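Structure record follows, encoded as structure tokens.
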Amino acid sequence: MAKGSLRDTVRLDRFLSNQLGITRTEAKELIKKRLVTVGGETAKLYDMKISPESDTVCAESSPVIYREHIYIMLNKPAGVVCATRDRLSETVLGLIPDELRRKGLFPAGRLDKDTVGFVLITDDGAFAHEILSPGKHVEKRYFAVLEKPASAKDAEIFASGMTIDGGDKCLPAKLEITDDPCKVYITLKEGMYHQIKRMAGAVGNKILYLKRVSIGKLELDPDLAEGQCREILHKEIEKIYAKT
Ligand code: URA
């Protein structure tokens, strides 16, 4: 076992619990059953210290790859809430398969229950803060179906930084009208409560369908069916911050 400074080490049961998304009791159980190796040797003590950066840990013969944080792209279906728990409805966390589960996962930003599309789920609070903060200008793009056709005047109002009901002042937003003027793309740099629905309402229209299609320059993977998710690769994280 490579030596790490005390600061860089972590208890084996905590490491397994964090990386595998299992409880500490389940981690201890794996160790007790002699199913965990550290540096090729069977681990005997659940409180042994390991260095996540340099020790090779295997559980049930599979290497436990150390990642400090995880980033997941989910294609949220309608009817599921963006919360870590809910007494009545299914939550986005309930759609995460066991192999991607971790302690501390939460959705970075909320879509309404009836909105579908790209939800980013992570255990990295600082990252979530960055991409949600309006000051960081990470754009979120939505596809919407409107009750009535959108007009060039609506696009001007959206671009001007409109005030919506309740007096909330919006940052300038982009409204792109497609060949069918009831189908539009809307790009926001912030995420106020029901923002797009309220913006549509402020110009006398109504949202019939709303889907988030990208965060920054990272687009929702078209191979993900509603309800499916996958891990976001490191190089894709850079796209979230990309400006062009
Ligand atoms: N704006 C809305 O009104 N709802 C969403 O879910 C996202 C943006």
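Points to keep in mind about this one:
- Residues that are among the aliphatic types (A, V, I, L, M) and within 16 Å of the ligand (Cβ to nearest atom) do not occur anywhere in segment 44-57.
- All of (1) surrounded by fewer than 17 Cβ atoms within 10 Å (Cβ to Cβ); (2) assigned to a loop (DSSP other than H, G, I, E, B) hold for residue 190 with one exception: (1).
- Scanning segment 122-168 for residues that are in a loop (DSSP other than H, G, I, E, B), small (Gly, Ala, Ser) and within 22 Å of residue 181 (Cα to Cα) returns 150, 151, 161.
- Cβ-Cβ contacts under 7 Å between residues 6 or more apart (or on different chains), taken from a first residue in segment 142-154 that is surrounded by 13 or more Cβ atoms within 10 Å (Cβ to Cβ) to a second residue that is in a helix (DSSP H, G or I), are listed as 142/196; 144/196; 146/200.
- When segment 5-60 is filtered for residues that are β-branched (Val, Ile, Thr) and outside any loop (DSSP other than H, G, I, E, B), the ones remaining, listed by number, are 10, 25, 31, 36, 37, 38, 42, 50, 57.
- Hey, residue 119 out of contact with any Phe, Trp or Tyr (no Cβ under 7 Å at 6 or more places or on another chain), within 29 Å of residue 70 (Cβ to Cβ), part of a strand (DSSP E or B) and not hydroxyl-bearing (Ser, Thr, Tyr) or not: yes
- Unmet criterion (only one of (1) free of Cβ contacts under 8 Å to residues at least 60 places away in the same chain; (2) touching a strand residue (DSSP E or B) at 6+ places or on another chain (Cβ under 8 Å); (3) over 17 Å from residue 26 (Cβ atoms)) for residue 86: (2)
- Residue count, segment 194-217 (criterion: without any contact (Cβ under 8 Å) to a residue 60 or more places away in the chain, within 8 Å of the ligand (Cβ to nearest atom) and either part of a loop (DSSP other than H, G, I, E, B) or polar (S, T, N, Q) (or both)): 1
- Qualifying positions in segment 182-193 - of a type outside the set (A, V, I, L, M), more than 9 Å from the ligand (Cβ to nearest atom) and closer than 24 Å to residue 240 by Cα: 185, 187, 189, 190
- Residue match in segment 18-28 (condition: surrounded by 12 or more Cβ atoms within 10 Å (Cβ to Cβ), modelled with pLDDT of 95 or more and touching a Cys at 6+ places or on another chain (Cβ under 7 Å)): no
- Annotation note: of 102, 110, the sole residue that is away from the ligand (no atom under 15 Å from the Cβ) and assigned to a loop (DSSP other than H, G, I, E, B) is 102.
- Options 99, 130; residue that is under 18 Å from residue 69 (Cα atoms), touching a Lys or Arg at 6+ places or on another chain (Cβ under 9 Å) and surrounded by fewer than 16 Cβ atoms within 10 Å (Cβ to Cβ): 130
- In segment 125-170, the residues that are of a type in the set (Asp, Glu), more than 16 Å from the ligand (Cβ to nearest atom) and at pLDDT below 95: 130
The values are calculated or read from the model by the stated rules, or taken from the named source; none is laboratory data. Bear in mind that the values here come from a model prediction, so they are computed numbers and not experimental data. Note that we place each Cβ from the backbone using ideal geometry, even for glycine, and neighbour counts take in every protein chain shown.
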